[in-house]
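Below you'll find the structure, written out as structure tokens, and then a few comments.
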Amino acid sequence: MTRILELARQTTSEKPALILRALAGIPLLAIGAQHFIDPESFRQILLASGVPFVGPNLILAPAVEVIAGVLLLAGVFGRIGGLLGVATMVPAVAATLVLAGLDPAALPAGVTAVPEVPPLPLPLVVLLASGYVAWRGAGAYSLDARSAAPARRGARRPALRRRLSRARLPLDSASVTFCADPADVSPSIHVGL
């Protein structure tokens with residue numbers, strides 16, 4: 001289980017990922033909140049686009065959108081946030097395409113008018129940005145990157161300590177001589193008092 005969580009938090013040090021996280025996270029959070037605040041308009045979208053299980057999707061889809069938006073904006077478990085964003089945007093793109101071609105004269109039962117949805121580029125941009133974060137991670141300016149940074153810094157310290165311990169630099173010495181032993185690949189400095 002911890003291995004799965006480590007993989008979910010694994011990220012690259014790419015700085016543009018912050019912009020992509022914002023492009024995906026802000027709309028997901030805003031649209032998810034709007035669907036919670038006005039569930040009747042969301043019900044009309046679900047009914048008109050032919051999405052099955054309208055009742056459970058009325059609660060589940062906005063919850064997943066909000067969770068994905070928060071994870072992406074915070075940059076914590078960015079890959080999971082990206083996967084949730086993709087999972088919500090694939091049906092959103094499909095619903096937008098269905099509603100764009102819907103004839104107002106042939107509306108499904110329970111729908112009074114063609115519901116308004118955001119233009120197609122919005123769910124496509126959110127889908128692509130979420131997919132990128134799911135693929136590459138949350139990037140440099142994320143909590144995922146901050147949690148990985150101490151481990152990276154700790155890995156570098158032993159090598160630095162080895163180099164400093166070999167140096168034997170003089171602080172208060174009268175003379176310093178440099179001795180290079182051909183058998184030794186790392187020359188050392190010896191201090192003569």
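Quick look at the numbers
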{"quantity": "Cβ crowding within 10 Å averaged over residues, with 95-107, 125-137, 15-27 ranked highest first", "calculated": "125-137, 15-27, 95-107"}
{"quantity": "The range 2-146: C-alpha pair distances exceeding 20 Å, %", "calculated": "47"}
{"quantity": "Burial ranking of peptide ranges 76-82, 60-66 (average Cβ count within 10 Å, highest at the top)", "calculated": "76-82, 60-66"}
{"quantity": "Stretch gain in nm, segment LEU47-ARG146, where the contour uses 0.36 nm per residue and the Cα spacing is subtracted", "calculated": "31.3 nm"}
{"quantity": "Stretchable slack from ALA100 to ALA22, in nm (0.36 nm times residue separation minus alpha-carbon distance)", "calculated": "25.4 nm"}
{"quantity": "Other-chain or far-sequence residues with amide H under 5 Å of ALA138's (modelled H)", "calculated": "THR12, GLY78, ARG79"}
{"quantity": "Karplus-derived 3J(HN,Hα), 6.51/-1.76/1.60, for each residue of the range 91-99, Hz, glycine and proline x", "calculated": "x, 5, 5, 4, 5, 5, 5, 5, 5"}
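Every number here is computed from the coordinates shown, using simple stated rules; none is lab data. What you are looking at is a predicted structure, and each value in this text was computed from that prediction instead of being measured. Positions of Cβ are backbone-derived with ideal geometry, glycine not excepted, and every protein chain shown enters the neighbour counts.
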